[in-house]
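The values are calculated or read from the model by the stated rules, or taken from the named source; none is laboratory data. In this text, all values refer to a predicted model and were calculated from it rather than measured experimentally. Ideal geometry is used to build each Cβ from the backbone, glycine not excepted, and the neighbour counts take in all protein chains shown. Note: areas computed on protein heavy atoms with side chains; ligands, DNA, RNA excluded. Shrake-Rupley method; radii C 1.70, N 1.55, O 1.52, S 1.80 Å.
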Amino acid sequence: MKSTGIVRRIDELGRIVLPIELRRTLDIGERETMEIFVEGSSVVLKKYRPTCIFCDSAKDIAIFKGKNICPKCLSELKRAAEV
């Protein structure tokens with residue numbers, strides 16, 4: 001992991017502000033959805049990209065009954081249901 005040298009305090013509501021320079025560099029817009037991961041004792045933020053619950057593809061994702069699914073897996077499910 002690369003250090004940015006930026007240090008921020010967590011406020012009383014548990015929030016951290018990402019500096020504008022960092023958001024511009026990483027192309028993070030206002031109201032962008034971020035995903036939170038834990039890696040050992042580290043907290044990692046990544047831009048959220050919905051992926052298929054079956055194959056992790058991020059291309060042409062649709063929502064089916066509240067779940068993310070790609071066209072290929074949806075097609076396979078339809079074929080399996082016909083059998």
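Karplus couplings for region 56-69 from phi (6.51 cos²θ - 1.76 cosθ + 1.60, θ = phi - 60°), rounded to Hz, Gly and Pro as x?
Per residue, the Karplus-derived 3J(HN,Hα) values read 6, 5, 10, 8, 6, 5, 10, 9, 10, 6, x, 10, 7, 8 Hz.
In region 1-39, which GluC sites (Glu not before Pro) are in a loop and have at most 13 other Cβ atoms within 10 Å, using DSSP for the loop call? All intermediate terms of the calculation are to be shown ahead of the outcome.
On the way: sites: Glu12, Glu21, Glu30, Glu32, Glu35, Glu39; in loops: Glu12, Glu30, Glu32.
Those satisfying the criteria are Glu12, Glu30, Glu32.
With a 10 Å cut-off between alpha carbons and a GNM built on the chain, which of Leu13, Leu45, Leu22 moves the most?
Leu13
Given the options Ile53, Ile16, Ile6, identify the residue whose Cα lies farthest towards the positive end of the charge dipole of the chain (+1 on Cβ of Lys, Arg; -1 on Cβ of Asp, Glu).
Ile53
Contact order normalised by length for the chain, with contacts defined as Cα pairs under 8 Å and 6 or more residues apart; what percent is it?
So the answer I get is 13 percent.
Taking springs between alpha-carbon atoms closer than 10 angstrom, which of Thr51, Thr25, Thr33 fluctuates most in the Gaussian network model of the chain?
Looking only at Thr51, Thr25, Thr33, the largest GNM fluctuation is found for Thr25.
Just from its helices, what would the mean residue ellipticity at 222 nm be for the chain, if runs of 4 or more DSSP H residues each count -39500 (n - 2.57) and the sum is divided by every residue, rounded to the nearest 500 deg cm²/dmol?
Numbers: 2 runs with 18 residues, N = 83.
Theoretical 222 nm ellipticity from helices: -6000 deg cm²/dmol.
Could you order Arg23, Arg79 by accessible surface area, starting with the largest, using a probe radius of 1.4 Å?
Values: Arg23 65, Arg79 135 Å².
Result, largest first: Arg79, Arg23.
Which whole-Hz ³J(HN,Hα) couplings does region 8-21 yield from phi under the Karplus relation 6.51 cos²θ - 1.76 cosθ + 1.60, θ = phi - 60°, glycine and proline marked x?
Working through the residues one at a time gives 9, 8, 7, 7, 5, 9, x, 9, 10, 8, 8, x, 4, 4 Hz.
Ignoring ligands, DNA and RNA, what accessible area per residue does the chain give at 1.4 Å, in Å²? Mind dumping the intermediate values first?
Details: 7680 Å² over 83 residues.
Using a 1.4 Å probe on heavy atoms only, each residue of the chain averages 92 Å².
Can you check what the net charge comes to around Met34, using other residues whose Cβ is under 9 Å from the Cβ of Met34 (Lys, Arg +1; Asp, Glu -1)? Could you put the intermediate results ahead of the total?
Numbers: positive: Lys46, Lys47; negative: Glu32, Glu35.
Net local charge, Met34 excluded: 0.
Looking at the chain as a GNM with Cα springs under 10 Å, which of Ile63, Ile16, Ile53 has the largest mean-square fluctuation?
Maximum fluctuation in the GNM of the chain, among the listed residues, is at Ile16.
List the residues whose amide H sits under 5 Å from the amide H of Asn68, counting only those 5 or more places along or on another chain, with H placed 1.01 Å from N in the peptide plane.
Amide H to amide H, under 5 Å and 5 or more residues apart or across chains, Asn68 pairs with Ile53.
Under the 0.36 nm per residue contour assumption, what length would be gained going from the current alpha-carbon distance of Arg24 and Leu74 to full extension?
Values: separation 50, 0.36 × 50 = 18.00 nm, distance 3.61 nm.
Answer, rounded to one decimal: 14.4 nm.
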